[in-house]
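Encoded as structure tokens, the structure appears first; notes follow it.
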Amino acid sequence: MSDHLDDLDYICKLLHESLRLPVYCKLNTDLQKESFWSAGLPDHPLLSDPADLFRSAANKGAKLSSPVIHETNYTEQFAVVPVIRHAKCQAVIVIGPTLRHNHSEPSIEFWKEQGIPLEKRTTWTEYYRSLPFVDRLRLLYICVSANWMINQQLLDIKDVIESTLQYGLSGQQQEKDLELADLREYSIFHDGNAGQSHMLDLIKRGEKNELIKQLAKATNADFISEVNSKRSHLRNVKNLAIGGVTLSSHMAIQGGVYEELAMTLCGLHVKHIEELNDLAAVETVVFAAIVDFAERVSQCRNNNVSKPVYSCKEYIYLHLFEEMTMQQLSDVSGLNPDYLSQLFKKETGLSLMNYIQRERIEEAKKLLDHSKDTITSIGERLAFYDQSHFVKVFKKHAGMTPKQYRNRKRSG
């Protein structure tokens, strides 16, 4: 590999010819030299100079040390690869644009999300149809391959994913600063950082009752009317509520709640908040969500088990709808199957098989209560090998058949 940049034109042309995608290269020098290899790039609906789309990605990648995937607000995606020479980014190569989703027939929701007016949608549709579709996995491998050609650096796609995440976080720093300013001006809690830290610590420890007391003390009774008079829209209150729920979910994870469970609950609470149109209702929901996380931490704390058994229970929770083998659980826990079985029974009071069955039946109850799925399909989803087996196990743990359980409310 040359220490200089004389080989870049050759590499870029090779990438362009092999991938059949546009390739743009910009040097990070005073001359700001740029080169462009186009593969029939269509006119952009917003930009008179098509290179502006690449310049934006290249400028953001000027301080990179690893390749990333850059995605615009209009869902165009690029592979952005820094050219590293003498431990510095000397140039940036941008490959794209492509689309990760097929927008040949965009939905109404898509147009609304992108803020594209009705009269412009035909132009945008033609533009999207002309862009190549490249799924995210292929684009990750394009990053890895291009980086090897340019920098002779061995990377895996997970390295690109990690650098892309860091790239995205740094790009949001200004937005986060603005959010922090809002939080300082319009905090849900008016006890300052010490009071807020105390309440977050109560969530982490699962101290639900004390948390409720602190919420009652710390909440400013005039919060809703105060924010409404200053900003005069519901969006601010929702943003603060969503921030509080998200932060509470992270504290719950630190307190021992399964990460996927906490994040799923967070998503459900956020969805509920977004559906509300009443300021007081938002306040009620956010505090209920915060207390909910503390309650779930408390449940975890009251069921202390060793790390191998905890890892095993977490794996079971995450794979409840799949077949599970003793060997998989053994690998997760780091213990041999016989010892794991003994330790699990000692700490939980249940054999692994009975525990898995119990958890599946608890999940089946939720599906019977809240979905319209047939009993047969619920049994199949939860990996029971036939309906009679599902009914037998359900009756063992619930004391009634799935049909009786589903009909109990109607008869009551």
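The figures follow:
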quantity: Count of the stretch 126-162 residues which are more than 23 Å from the chain's Cα centre (by Cα) and at pLDDT below 85; calculated: 0
quantity: Long-range neighbours under 8 Å by Cβ, at least six apart or interchain, first residue under 28 Å from S48 (Cβ atoms) within the stretch 121-143, second surrounded by fewer than 17 Cβ atoms within 10 Å (Cβ to Cβ) and small (G, A, S); calculated: T125/S104; Y128/S104; R129/S104; S130/G40
quantity: The listed residue being modelled with pLDDT of 65 or more and open to solvent by 30 Å² or more (accessible area, probe 1.4 Å), out of D222, D278; calculated: D278
quantity: Residues within the stretch 288-313 that are at pLDDT below 80 and surrounded by 17 or more Cβ atoms within 10 Å (Cβ to Cβ), tallied; calculated: 1
quantity: Selection count where residues are part of a helix (DSSP H, G or I) and surrounded by fewer than 16 Cβ atoms within 10 Å (Cβ to Cβ), scope the stretch 359-374; calculated: 4
quantity: Residue, modelled with the lowest pLDDT, within the stretch 324-346, restricted to residues that are aliphatic (A, V, I, L, M) and either open to solvent by 50 Å² or more (accessible area, probe 1.4 Å) or outside any loop (DSSP other than H, G, I, E, B) (or both); calculated: V332
quantity: Check on P82, in contact with a Gly (Cβ under 9 Å, 6 or more places away or on another chain) and modelled with pLDDT of 85 or more; calculated: yes
quantity: Output for the stretch 136-160, where each listed residue is buried (at least 17 other Cβ atoms within 10 Å of the Cβ) and assigned to a loop (DSSP other than H, G, I, E, B); calculated: L155
quantity: Residue in the stretch 386-394 that is open to solvent by 30 Å² or more (accessible area, probe 1.4 Å), hydrophobic (A, V, I, L, M, F, W, C) and either within 19 Å of L318 (Cα to Cα) or assigned to a helix (DSSP H, G or I) (or both) present; calculated: yes
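The values are calculated or read from the model by the stated rules, or taken from the named source; none is laboratory data. What you see is a predicted model, and the numbers here were worked out from it, not measured in a lab. All Cβ positions, glycine included, derive from the backbone under ideal geometry; neighbour counts span all protein chains shown. Heavy atoms of the whole protein, side chains included, go into the accessibility calculation; ligands, DNA and RNA do not. Shrake-Rupley method; radii C 1.70, N 1.55, O 1.52, S 1.80 Å.
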